[in-house]
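Read through the structure below, which is laid out as structure tokens, and then see the notes.
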Amino acid sequence: MKVVVEKATEYILPLEGGINFRDMGGLETSEGGRIKQKILFRSGELSRLTREDKSFLDSLAIKSIFDYRRQAEAKLKPDPVIGQAVYERYSASVAENITNYNPEKTKDYYLQFTNERFLNSYGAMAIKNPAYKRLMEKLKIPEVHLPLIHHCSLGRDRTGVGAMIIQMTLGVPFDKILDDYLLSNQLLEPFYHKIFMKVAPHVSEDELNQFKHGFLLKPDYVTAAMNSILHHYGDIENYLLQEYGITTEIRKRIKDFCLG
């Protein structure tokens, strides 16, 4: 699956060691505004960043780095220090959420990645998740915590839901949120190839095809998160209020800071 988003490459940062690292700016809202550039960034893990990459990010005056990974993931590939940015890690992975992490990467680990598992995981991830609650506490005081980088391992699942919540708060229509989400498939193709090569010796051909089919991002996955929000709360406004305490006034203040 390939998704081509107009002018998408304009927002991919020139980082040698970046993984799916891009500026969230530029997306248009339903009211005609646009998310400002250089204030919100989404990414995969940061351990590969070069000295030049870190210097470039330091020049952007990054204030916050928000890591959705589990402790075991973060310990294996720790985030580097970037300027004066404050680092926080809140795992977005709760029980039965995405996959049960296993650094040994056995056959059973790989076979967890099914359509059904992802649909269930995305549906659960956006509801009462302490990681996103903390993320939105930061967004509620943008002048203190932005520019901000939020990331997981590949910057697609946990970061994808976090990005969706930020984008819906700013009034980005869901079709544009969906396009931005699916762009990760395009940007992660080299990593997908390596992952598939690594999995192949451990599984049968049919199992490998099953893994590939479940692992590639699909519109249904992030749609499951949105449908779960609407099922539990009825609309986005009630979701933002009940989950994060974001009133109409707070939302306007966030928009005033983040939109141009």
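The values are calculated or read from the model by the stated rules, or taken from the named source; none is laboratory data. Owing to the predicted nature of the structure, the values given are computational and were not obtained by experimental measurement. Note that each Cβ is placed from the backbone with ideal geometry, even for glycine, and that neighbours are counted across all protein chains shown.
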Being outside any loop (DSSP other than H, G, I, E, B) and over 21 Å from S93 (Cα atoms) is true for just one of A200, A224. Which residue is that? A200
Read through the list (1) without any contact (Cβ under 8 Å) to a residue 24 or more places away in the chain; (2) out of contact with any helix residue (DSSP H, G or I) (no Cβ under 7 Å at 6 or more places or on another chain); (3) among the aromatic types (F, W, Y), then give the number of the only condition that Y233 fails. (2)
Could you grab me the full set of residues in segment 118-172 that are more than 24 Å from L49 (Cβ to Cβ) and not in a helix (DSSP H, G or I)? A126, I127, K128, N129, K140, I141, L170, G171, V172
Hey, D175 under 20 Å from Y122 (Cβ atoms) and under 11 Å from the mean Cα position of the chain (by Cα) or not: no
Name every residue in segment 183-230 that is within 16 Å of N120 (Cβ to Cβ) and of a type in the set (V, I, T), in order of residue number. V222, T223, I229
Does segment 223-235 include one or more residues that are farther than 24 Å from G17 by Cβ, small (G, A, S) and at pLDDT below 95? no
Give me the pairs, please: first residue somewhere in segment 48-74 and within 19 Å of D157 (Cβ to Cβ), second residue anywhere and assigned to a helix (DSSP H, G or I) and hydrophobic (A, V, I, L, M, F, W, C), beta-carbon distance under 8 Å, and either six or more positions apart or on two chains. F66/L135; D67/A74; Y68/A131
Which of the residues belonging to segment 12-37 are under 15 Å from the mean Cα position of the chain (by Cα) and either at pLDDT below 90 or at negative phi (or both)? I12, G18, I19, F21, R22, D23, M24, G25
Filtered residue count, segment 170-191, keeping only those that are without any contact (Cβ under 8 Å) to a residue 40 or more places away in the chain and either surrounded by 16 or more Cβ atoms within 10 Å (Cβ to Cβ) or within 24 Å of D256 (Cα to Cα) (or both): 1
Out of (1) assigned to a helix (DSSP H, G or I); (2) under 25 Å from L119 (Cβ atoms); (3) modelled with pLDDT of 80 or more; (4) among the charged types (D, E, K, R), the odd one out for R69 is which? (1)
Filter segment 64-78 down to the residues that are more than 19 Å from A163 (Cβ to Cβ) and aliphatic (A, V, I, L, M) and list them by number. A72, A74, L76
Would you tally the residues in segment 82-117 being outside any loop (DSSP other than H, G, I, E, B), at pLDDT below 80 and of a type in the set (V, I, T)? 0
Would you check which residues across segment 230-251 are surrounded by fewer than 11 Cβ atoms within 10 Å (Cβ to Cβ) and under 18 Å from K36 (Cβ atoms) and list them? none
Selection status of L154, in contact (Cβ under 8 Å) with a residue 40 or more places away in the chain, surrounded by 15 or more Cβ atoms within 10 Å (Cβ to Cβ), closer than 30 Å to K140 by Cα and in contact with a Gly (Cβ under 8 Å, 6 or more places away or on another chain): yes
In segment 203-218, the residues that are of a type in the set (A, V, I, L, M, F, W, C), out of contact with any Leu (no Cβ under 9 Å at 6 or more places or on another chain) and either in a helix (DSSP H, G or I) or within 21 Å of M24 (Cβ to Cβ) (or both): L208, F215
